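All remarks here apply to the structure that follows.
Only the coordinates and a few stated rules stand behind these numbers; no lab work does. Here the structure is a predicted model, which is why all the values come from computation and not from measurement. We place every Cβ from the backbone using ideal geometry, glycine too, and count neighbours over all the protein chains shown.
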Amino acid sequence: MRPFTYERATSVADALRRTAGASREGERTAYLAGGTNLIDHLRLGIRETDRLIDVSHLDLTEVTELEEGGLRIGALARNADVAAHPLVRRTFPVVSAAMLAGASGQLRNMATMGGNLLQRTRCVYFQDLSTPCNKRDPGSGCSAIEGLGTYNALIGTSDSCVAVHPSDLCVALAALDVTVVVEGPLGERRIDFADLHRLPGDRPERDTTLERSELITAIEIAGPGFARRSRYRKLRERASYAFATVSVAAALEVRDGQVADVRIGLGGVSHKPHRALRAEEVLRGGPATHEAYAAAIAVEMEQARPGPDNGYKVTQLRRAVPAVLSALTEETA
């Protein structure tokens, strides 16, 4: 790990001031919250910084109820606290379930909500400094395309990158109406969750649409509605702490045997949390049956482009999505 300057911010404005000052001096900066991802990358040499600005003590930890039953969650709220919060468990159970599936208890006690949104890929080549990786070293190439492809993405890949987004929480948020609130040099900005993360294109080193110096301050989830009936299912190689091969977050509303509304988020399939819009469109207004759910995910998977090693993910999703939706259907019966 290379030497860097450590500073503790006393407010959001102070954090932005320190970052702006460092930028004027040509220094690279990073915000430190829980540090469960950032510190690993600094140690491995994946990332370097000249100035580390600690924001972990800022007053951004509250979970408060919004109008019409929505929630505002401070960016520095710990994952363990949010997963156990009565409001979260009651109104958005899929969020609680995703976080409980996402990491060990020790990590959940440290990791923050805002930091979870900024997790970087767990592609083995990204973390191996001896191999080319466009995400880590732009222009060097993508080792995963011709290498171990077991964990590669299925949708939205490019010639520059086939890595997947690792966050369980983000899969759940992809299935909800979520706004990410950020503060930057020009003031507050509100970003629709679907617009926060990027597909790789020819700039895979950029994971998000955040501008330089911007700091996530809150996550707002719109009123729950049928999201009170939601589930998260994670498929992984071992039941203990592991990243998903694929995962499914779903919310479902059934009326008189028909799908009135549905939301489906998929993990392990793309460079960003994937919203299954094609499957949702097929399902709305149709029969709430296992067969219909299976047909809908088959339509969604028509856009998948699996390689020789990751075609199993399509099979997993064709089984997991109908299973999750069928379970939710039984709950509403």
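Quick notes
- Pair GLU330, ARG198: separation of 7 Å Cα→Cβ label points (nm): 4.4
- With R₀ set to 41 Å, the beta-carbon distance separating ARG8 from ARG278 gives a calculated FRET efficiency near 0.30.
- Using the Cβ of ALA327 as centre and a radius below 12 Å, the other residues enclosed give a net charge of +1, where K and R count +1 and D and E count -1.
- Under Karplus coefficients 6.51, -1.76 and 1.60, residue-wise ³J(HN,Hα) of the range 286-293 in Hz, glycine/proline x: x, x, 8, 10, 4, 5, 5, 5
- Taking 0.36 nm per residue of separation and subtracting the current Cα-Cα distance, fully stretching the chain between ASP159 and GLU25 would add 44.7 nm.
- In order along the range 174-187, the phi-based Karplus estimate (6.51 cos²θ - 1.76 cosθ + 1.60, θ = phi - 60°) of 3J(HN,Hα) comes to 5, 8, 10, 8, 10, 10, 9, 9, 10, 10, x, x, 9, x Hz; Gly and Pro are listed as x.
- Expected 222 nm ellipticity per residue - DSSP helices of 4 or more, -39500 (n - 2.57), all of the chain, to 500: -8500 deg cm²/dmol
- Modelled spin labels at GLU62 and GLU205, positioned 7 Å past Cα toward Cβ, are 4.0 nm from each other.
- Whole-angstrom gap from the range 1-74 to the range 194-262, using each part's C-alpha centre: 23
- Normalised by the number of residues in the chain, the average gap of Cα pairs under 8 Å and 6 or more apart makes the relative contact order 16 percent.
- At q = 0.17 Å⁻¹, base-10 log of I(q)/I(0) for the range 1-40 (Debye sum, equal scatterers on each alpha carbon): -0.50
- Using C-alpha pairs under 8 Å with a sequence gap of at least 6, the mean separation divided by the residue count of the range 229-332 gives a relative contact order of 27 percent.
- In a fully extended conformation the segment linking ARG305 and ALA260 would gain 13.2 nm over its present Cα-Cα distance, using 0.36 nm per residue.
- Under 5 Å from the amide H of GLN258 lie the amide H atoms of ALA288, each residue being 5 or more positions distant or on a separate chain, with H modelled from the backbone and absent for Pro and chain starts.
- For the range 183-197, backbone nitrogen atoms closer than 20 Å to the point 7 Å from ALA222 Cα along Cα-to-C-beta are found at 189-197.
- Modelled FRET efficiency - R0 25 Å, SER130 with GLU48, Cβ distances, 0.05 increments: 0.90
- Nearest 10 degrees, 0 to 90: helix 12-24 Cα axis against the chain principal axis: 60
- With θ taken as phi - 60° and the Karplus curve 6.51 cos²θ - 1.76 cosθ + 1.60 applied, the whole-hertz 3J(HN,Hα) list for the range 247-254 is 8, 9, 10, 9, 10, 9, 10, 10 Hz, x standing for glycine and proline.
- When you restrict to C-alpha pairs under 8 Å that are six or more residues apart and normalise by the size of the range 84-179, the relative contact order lands at 31 percent.
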